[in-house]
Amino acid sequence: MSSKVMSTKVSSQLFLEPERYELKAAPVYHFDLDRRDFFKFLGAGLLVVSALKHAGAVQESGGARRRGADDSVPKEIDAWLHIGEDGTVTVYTGKVEVGQNIRTSLSQAVAEELHVPIDKIELVMGDTQLTPFDMGTFGSRTTPTMNLQLRKVAASARDLLIGLAATQWQTDPAHLVASDAKVTDTQTNRSVEYAALLKGQQLTQTLPAEDPLIPAANWRVAGQSAHKVDGRDFVTGRHRYPSDQTLPDMLHGKLLRPPSFGATLLSLDSQKAEQMGAVVVRDGNFVGVAAPSVALASSAVAAIHAEWKSDPQPSRKDLFDSLKKDTTEGKDPSGDGDSYETGSVDKALASADHHLQQTYTVSYIAHVPLEPRAALAKWDGDHVTVWTGTQRPFGVRGQLAEAFRIPEEKVRVLMPDTGSGYGGKHTGETAIEAARLARAAKRPVKVVWTREEEFTWAYFRPAGVIDVKSGVAADGAITAWEFHNYNSGSAGIRTYYEIPNQRIMFHEANSPLRQGSYRALAATANHFARESHMDELAHTLKLDPLEFRLKNLKNERLRAVFQAAAKRFGWGASKSTPGQGFGMGGGYEKLGNIATFAEVNVDRKSGEVKVVRVVSAFECGAIVNPDNLRSQIEGSNIQGLGGALFEAIEFENGKILNGRLSRYRVPRFSDVPALDTVLLDRKDLPSAGAGECPMIGMAPAIANAIFDATGQRLRSLPLVPNGLKLS
Amino acid sequence: MAAIHLSVNRHSYTVDADPQTSLLTVLRDHLDLTGSKYGCGEGQCGACTVLVDGKAQRSCITRLGTIGAKQITTIEGIAAADRLHPVQQAFLDEEAMQCAYCTSGMIMSAVSLLTVNRHPTHDEIVDFMEGNICRCGTYPRIVSAIQKAASVLAESPAAKGASR
């Protein structure tokens, strides 16, 4: 899939939703090390690998195997764990840490099953040379997949260690228990440390799929709040993010940016820049410099004289018209359910007691990761190594291989824990830029984007237009539902309300701006439209919005979160002030269920809208780390509040107009409402991720609360970029 | 270019840089003190916050030439040997971070706040910290951490001595 991404050059449309295109792709990893190489690299001890495929073959060799028995390692691996002779536990995963705290939650999972203190576990993450292939860290997939794999791997290692002790003591393993990195015989009370068991050993084990896992109800480490494993490095400033990386002899790189998207370079005079001592590279439309300091690199870029040819492009004022006009009509080519039809919508609409037809829109918004994109690249002959902040290190490896026409084996991408992503760091722009400059300069080069570059040359959450038509019976049962999303995406497009006649369609459009993944993707837009429309229907029928939702909702998990949030919120209580309003929104996304209730206050004079209080009820199966889960929900709510109230990218004719933090407002301390989070722990259900789902309820809850406060129905996100104009 | 002397974390340094260079660049690129972060370059996000003579300042918009004999303190300079500053400890205890890229700037602003206001109210914290952005949205935890640090500092012998 990396080739697909790479072939879309800077100005053209990016992959819209990586989930849709990428998660279906078979892993292309072909690991060509054998077990001797593993041990050469890792040192003696125990190695447990988790294989993705050929489960049957893997299970056959499930038992512990002594050295030399079989040197093959499964070709498709998604994680491995090594316990050294000194007892150190190292876990290798291609997942990456961007603040979602999986370095800690995955360590917890291993600690739980392996019975080793959490601080004795090291995670090696997102290094294309050392860790198994991984498609990327997105789509809230880490907890439901990697967490489970690592638990199985760790459980299997634990059982193997118990087996070793049983052999050593010639006793029944049933008497033996593992705890605190030791195996203990419960009958004799003797114990042996894992390290002692592994002295001089080279053992491999492939994951036996049938190994029983510890049920969530019996978790001791997992299921508890754990502090960030490397928190101290962050509060002392010691952690080195991608933009903090350095190498001896390193140069700093800067790019000459075109004046507008898609501009073509006509002529270039870089003589002055070269005289300043900078290395100047021109390669097609790519113009960059490398110099010993950022200041010199910046002055050199400023000294370049370039002429560009720009084509006229749509501006924000024409956006929604252009998206609806410029569509590739009908089904999405991937044909994976972006178009859904059941019953007969037209008939049901014709015979419904009440109808409603409305249009909702969402603007482009920016991820604004506080650490802008950064990369440090270094060539050794025809091999390139790049340290960069990306949610897809293996994808970036592919992009580099393609850009430089070299095999992937000659590219190594390392991902130091990064200053956030929110779906915004799936691509490898800075990696390619740094590598291109480093190749010319024959020295390592670091490229760190400025905030303006990050706002302009990354990609945006897609804008969109959503048309909804509905029909409802007098008793409140929805009979017809027609829902068209233009451009913003199909995540969360299907309705979870029980409606017999539905037509739901996603329409691809030609986006004037480069667009891509974003936390929760289109689920935010689709839930905003659906949950706003539900509120409008309830008011049309003069029904309580909660009662109306529950009447049309059978899904027990969703009902549970709506009811839990309503109870905590005190839904149905009367309002105490004139500008006060209450609203709700919720839904189902990425295996999680959320209901969000908001209280707003609208200043009748200034039109200022303040979200005063938010209650969220969230359920994502068995909870792994309650405190981190709360943190993810709070963070989602606060980030969702920005997109709901005021975030929007302004653009005109191929230029971004508000690409700075002084012009693009993101939530700050004073925007934060009182947040109250209800966690529903379903220990009987598999754990799901929580980085995305919680944000989808925010925009509709706020919009519905503003309606409740003022009687004004706002159908465009952001809702009140400049306050509310009271009519 | 000029040889400029400056004091950072109680160490004296001489850097060869244009006086117009930002303090942030000097810290990061000349002194390899990378705990202070670039976030916006216009003093809007607070990721680069350091203390200049004990007062929070955005190092990205502070010119090297304006420093003179003033004492610079960065995130690398507030812990006493292995003992974290109470604000650092409180951020850990309250888990007041996700990606933590904003954390050093948050901590430095908070240290500055607690120097001038030992017992800030919730609203005073929000008001003072408004210039620091946490894009992950850990604001409520940061407020709790600052409150916690304030109470720890109030209990410390130094604070009791000073308040007399």
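The values are calculated or read from the model by the stated rules, or taken from the named source; none is laboratory data. The model shown is predicted, which means the values in this text are computed figures rather than measured ones. Every residue, glycine as well, gets a Cβ built from its backbone with ideal geometry; the counts of neighbours run over all protein chains shown.
Between A:A474, A:A463, which is closer than 30 Å to A:T540 by Cβ, touching a His at 6+ places or on another chain (Cβ under 9 Å) and touching a residue at least 12 places away in the same chain (Cβ under 8 Å)? Quick ask: steps written out before the conclusion?
On the way: A:A463 fails: touching a His at 6+ places or on another chain (Cβ under 9 Å).
Going through A:A474, A:A463 in turn, just one is closer than 30 Å to A:T540 by Cβ, touching a His at 6+ places or on another chain (Cβ under 9 Å) and touching a residue at least 12 places away in the same chain (Cβ under 8 Å): A:A474.
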**Request:** Take A:R373 and decide whether it is under 30 Å from A:I504 (Cβ atoms), of a type in the set (D, E, K, R) and modelled with pLDDT of 95 or more.
**Result:** no
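So which of A:A263, A:A217, A:A196 ends up being surrounded by fewer than 15 Cβ atoms within 10 Å (Cβ to Cβ), more than 14 Å from chain B (Cβ to nearest Cβ) and of a type in the set (A, V, I, L, M, F, W, C)?
Details: A:A263 fails: surrounded by fewer than 15 Cβ atoms within 10 Å (Cβ to Cβ); A:A196 fails: surrounded by fewer than 15 Cβ atoms within 10 Å (Cβ to Cβ).
Of the residues listed, the single one that is surrounded by fewer than 15 Cβ atoms within 10 Å (Cβ to Cβ), more than 14 Å from chain B (Cβ to nearest Cβ) and of a type in the set (A, V, I, L, M, F, W, C) is A:A217.
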**Request:** Search region A:426-439 for residues that are free of Cβ contacts under 8 Å to residues at least 24 places away in the same chain and pair each with any residue that is crowded, with 24+ Cβ neighbours inside 10 Å when their beta-carbon atoms are under 6 Å apart and the residues are at least 6 apart or on different chains.
**Result:** none
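Residue-by-condition table, conditions (1) in contact with a Phe, Trp or Tyr (Cβ under 6 Å, 6 or more places away or on another chain); (2) among the aliphatic types (A, V, I, L, M); (3) closer than 28 Å to A:T145 by Cβ:
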residue	(1), (2), (3)
A:Q580	no, no, no
A:G583	no, no, no
A:Y588	yes, no, yes
A:G592	no, no, yes
A:D603	no, no, no
A:V612	no, yes, no
A:V615	yes, yes, no
A:F618	no, no, yes
**Cross-chain or 6+ apart pairs with Cβ under 8 Å, region A:35-59 first and outside any helix (DSSP H, G or I), then modelled with pLDDT under 50** = A:V49/A:V73; A:A51/A:V58; A:L52/A:P27; A:K53/A:K75; A:H54/A:K75
**Asked** Could you list, in sequence order, the residues of region B:40-75 that are within 13 Å of chain A (Cβ to nearest Cβ), closer than 14 Å to B:R10 by Cβ and of a type outside the set (A, V, I, L, M)?
**Response** B:T73, B:T74
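Do you know which of the residues in region A:88-108 that are over 14 Å from the mean Cα position of the chain (by Cα) and of a type in the set (A, V, I, L, M) is surrounded by the fewest Cβ atoms within 10 Å (Cβ to Cβ)?
A:V89
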**Message:** For region B:144-159, check the following and say yes or no: at least one residue is surrounded by fewer than 22 Cβ atoms within 10 Å (Cβ to Cβ), within 13 Å of chain A (Cβ to nearest Cβ), at pLDDT 95 or above and more than 19 Å from the chain's Cα centre (by Cα).
**Reply:** no
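Please state which one of A:G585, A:G579, A:G572 is at pLDDT below 95 and touching a strand residue (DSSP E or B) at 6+ places or on another chain (Cβ under 8 Å). Even if it seems obvious, please write down each step before you answer.
On the way: A:G585 fails: at pLDDT below 95; A:G572 fails: touching a strand residue (DSSP E or B) at 6+ places or on another chain (Cβ under 8 Å).
The match here is A:G579.
Is it fair to say A:F618 is surrounded by fewer than 24 Cβ atoms within 10 Å (Cβ to Cβ), touching a helix residue (DSSP H, G or I) at 6+ places or on another chain (Cβ under 7 Å) and either touching a residue at least 24 places away in the same chain (Cβ under 8 Å) or within 22 Å of A:F707 (Cβ to Cβ) (or both)?
Details: surrounded by fewer than 24 Cβ atoms within 10 Å (Cβ to Cβ): no; touching a helix residue (DSSP H, G or I) at 6+ places or on another chain (Cβ under 7 Å): yes; either touching a residue at least 24 places away in the same chain (Cβ under 8 Å) or within 22 Å of A:F707 (Cβ to Cβ) (or both): yes.
Taking the combined requirement at face value, the residue does not satisfy it.
Results for (1) in a helix (DSSP H, G or I); (2) modelled with pLDDT under 95; (3) farther than 17 Å from A:T128 by Cβ, shown as yes or no for each residue.
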| site | (1), (2), (3) |
| --- | --- |
| A:V396 | yes, no, no |
| A:A434 | yes, no, no |
| A:R443 | no, no, yes |
| A:E454 | yes, no, yes |
| A:D467 | no, no, yes |
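Out of all the residues in region B:107-121, which are loosely packed, with under 13 Cβ neighbours inside 10 Å and assigned to a helix (DSSP H, G or I)?
Initial filter on region B:107-121 (loosely packed, with under 13 Cβ neighbours inside 10 Å): B:116, B:119, B:121.
B:V116 - this is the single residue of region B:107-121 that is loosely packed, with under 13 Cβ neighbours inside 10 Å and assigned to a helix (DSSP H, G or I).
Could you please find all residues in region A:359-394 being away from chain B (no Cβ under 14 Å) and in contact with a His (Cβ under 6 Å, 6 or more places away or on another chain)?
Passing the criteria: only A:R392.
Run down B:A90, B:A69, B:A80 and say which single residue is among the small types (G, A, S), out of contact with any helix residue (DSSP H, G or I) (no Cβ under 8 Å at 6 or more places or on another chain) and within 25 Å of B:N117 (Cα to Cα). Outline the logic, then answer.
Values: B:A90 fails: out of contact with any helix residue (DSSP H, G or I) (no Cβ under 8 Å at 6 or more places or on another chain); B:A69 fails: within 25 Å of B:N117 (Cα to Cα).
On inspection, the qualifying residue turns out to be B:A80.
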**Request:** Within region A:633-658, track down each residue that is out of contact with any strand residue (DSSP E or B) (no Cβ under 9 Å at 6 or more places or on another chain), within 14 Å of another protein chain (Cβ to nearest Cβ) and in contact (Cβ under 8 Å) with a residue 40 or more places away in the chain.
**Result:** A:Q639
**Asked** Quick check: anything in region A:457-475 of a type outside the set (S, T, N, Q), more than 27 Å from A:D326 (Cβ to Cβ), surrounded by 21 or more Cβ atoms within 10 Å (Cβ to Cβ) and touching a helix residue (DSSP H, G or I) at 6+ places or on another chain (Cβ under 7 Å)?
**Response** yes
